[in-house]
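Below is one structure, written out as structure tokens, with a few remarks after it.
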Amino acid sequence: MSHDPPPPPQTNRFDADVLIVGAGPTGLTLAAALAQRGQRVRVIDRLDAGDNTSRAAVVHARTLEVLEPLGVTQTLVARGLHASRFTIRDRNHVLVPIAFDELPTPYPYTLMVSQAVTEEVLLDRVVQSGGQVQRPCAVVGLTQDDEGVTVTLDDASHLRARYVVGCDGMHSTVREQAGIGFPGAAYGESFVLADVHLSGSVPRDEVILYFSPAGLMVVAPLPGGVHRIVAPVDDAPERPDASYVQSLLDSRGPDGESAQVRDVLWGSRFRVHHRVAETYRAGRVLLAGDAAHVHSPAGGQGMNAGILDAISLSEALARALAGQPEALDAYSAERRPVAREVVAFADFLTRIATVPRGVRALRNLLLAALSRLPAFRGRLAWRLSGLVYR
């Protein structure tokens with residue numbers, strides 16, 4: 001006797017023009033942009049609203065520029081911390097100083113703001129624009145036909161939309177259901193992340209990427225006197241405590257008087273992959289954000305690339321819904337090469353940070369020589385800020 005689930009209903013009644021799976025920054029940006037254009041949009045997410053954490057905390061200048069039409073940029077700018085510099089250091093020695101204050105943008109800085117705040121601001125815009133957000137519910141299957149896509153949820157109900165977009169992260173169910181490959185590999189190390197209170201003289205307007213024999217480490221300021229610490233380690237603890245984070249600062253940060261960890265507000269571990277989806281489109285199913293590309297956090301490009309995906313895809317979907325489906329192929333053709341650039345840049349930063357001890361002195365000499373060239377510093381500023389993708 002067969003116990004297969006019944007097939008999804010075939011109907012042309014649509015619950016939404018676009019169904020977005022994943023209510024992170026990418027999905028919410030896409031929803032806000034589409035709703036603002038008058039499209040019927042619904043977002044679903046497997047997590048409760050209260051499950052947000054700080055996670056991604058860097059918003060670059062180009063991202064703030066493209067968010068302006070949604071009316072959220074000024075709110076984010078007011079709630080974040082402005083870091084006007086990015087430096088690469090080897091313990092005490094500054095190898096590459098990068099200043100953002102001369103960039104031709106209204107936002108000549110890196111905005112440091114919790115992802116929870118970014119999602120809160122974007123969610124408000126989605127709701128104000130008439131979009132729907134449904135939680136918690138998960139996708140367990142999807143089928144598509146010439147007219148639309150039918151999605152099966154974990155409660156056995158169905159939603160039907162003209163297009164479905166997977167913004168559901170590295171382990172995207174939408175990508176898997178659409179049969180899109182995700183080639184790449186994982187870095188050998190795991191990464192530890194912690195938001196901490198520090199004592200001592202720690203810059204509040206600068207993001208620092210430390211190189212050391214023990215590995216790289218990022219120290220970045222956040223609003224409210226908090227600092228974000230990110231570092232690759234061979235076996236990161238699931239919940240790093242103050243003594244563990246202190247050991248990272250002592251071994252990878254400045255020699256001598258290092259900052260002292262007073263407490264850990266939140267911490268986690270994660271593994272990093274470098275992967276790009278084989279295509280961003282399979283019929284009426286599309287991908288954006290981490291469902292389409294993942295890479296090292298070096299350079300803080302991940303969430304920003306996803307938001308830029310969303311803005312580009314909103315324009316392509318608006319054209320497709322108006323009868324120009326070829327715009328969706330143009331979206332994939334435009335954004336996939338950018339993802340490959342982002343992955344290569346993040347991978348480059350990660351690998352030069354972790355060169356063998358015997359090559360470290362040569363690397364430092366080379367970087368110090370290059371950093372004396374204004375053109376070199378300028379190119380890095382343009383790439384880190386995202387302005388290179390204008």
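Solvent-accessible surface (1.4 Å probe) assigned to Val342 amounts to roughly 10 Å².
For the stretch 53-129, the Cα gyration tensor yields ellipsoid semi-axes of 27, 15, 8 Å (square root of five times each eigenvalue, largest first, whole Å). Mean sequence separation of contacting Cα pairs (under 8 Å, at least six apart), scaled by the length of the chain, corresponds to a relative contact order of 21 percent. Surface analysis of the stretch 281-390 yields an accessible area of 42 Å² per residue, using protein heavy atoms and a 1.4 Å probe. From the alpha carbon centroid of the stretch 320-379 to that of the stretch 181-215 is 18 Å.
Would you mind giving the average projected area, over all directions, of the Cα convex hull of the stretch 86-201 in nm² with one decimal? Walk me through the numbers on the way to the answer.
Working: hull surface 54.4 nm².
Computed as one quarter of the Cα hull surface, the answer is 13.6 nm².
Phi angles across the stretch 79-86 convert, under the Karplus curve 6.51 cos²θ - 1.76 cosθ + 1.60 with θ = phi - 60°, into 3J(HN,Hα) values of 9, x, 10, 9, 9, 8, 9, 10 Hz, Gly and Pro given as x.
Karplus-based coupling profile of the stretch 353-365, in residue order and whole Hz: 6, 10, 5, x, 3, x, 9, 4, 5, 5, 4, 5, 5, with θ = phi - 60° in 6.51 cos²θ - 1.76 cosθ + 1.60 and x standing for Gly or Pro. By accessible area, using a 1.4 Å probe on protein heavy atoms only, the chain has 52% of its surface on carbon and sulfur.
Measure nothing fancy, just the Cα-based angle from helix 115-128's long axis to the longest principal axis of the chain, in degrees from 0 to 90, nearest 10. Taking Cα atoms only, the helix is inclined about 30 degrees.
Taking every Cα-Cα distance in the chain and sorting them into 10 Å bins from zero, the calculated P(r) comes out as 5, 23, 32, 23, 12, 4, 1, 0 percent. Please name whichever of Pro240, Leu366, Leu286 sits farthest to the positive end of the charge dipole of the chain, dipole taken about the Cα centre and charges placed at Cβ: Lys and Arg +1, Asp and Glu -1. Farthest towards the positive pole: Leu366. Using only Cα coordinates, the Kirkwood hydrodynamic radius of the stretch 266-319 works out to 12.5 Å.
The values are calculated or read from the model by the stated rules, or taken from the named source; none is laboratory data. All values reported here derive from a predicted model rather than from experimental measurement. Note that each Cβ is placed from the backbone with ideal geometry, even for glycine, and that neighbours are counted across all protein chains shown. Accessible surface is based on the protein model in full, side chains and every heavy atom, while ligands, DNA and RNA are left aside. Shrake-Rupley method; radii C 1.70, N 1.55, O 1.52, S 1.80 Å.
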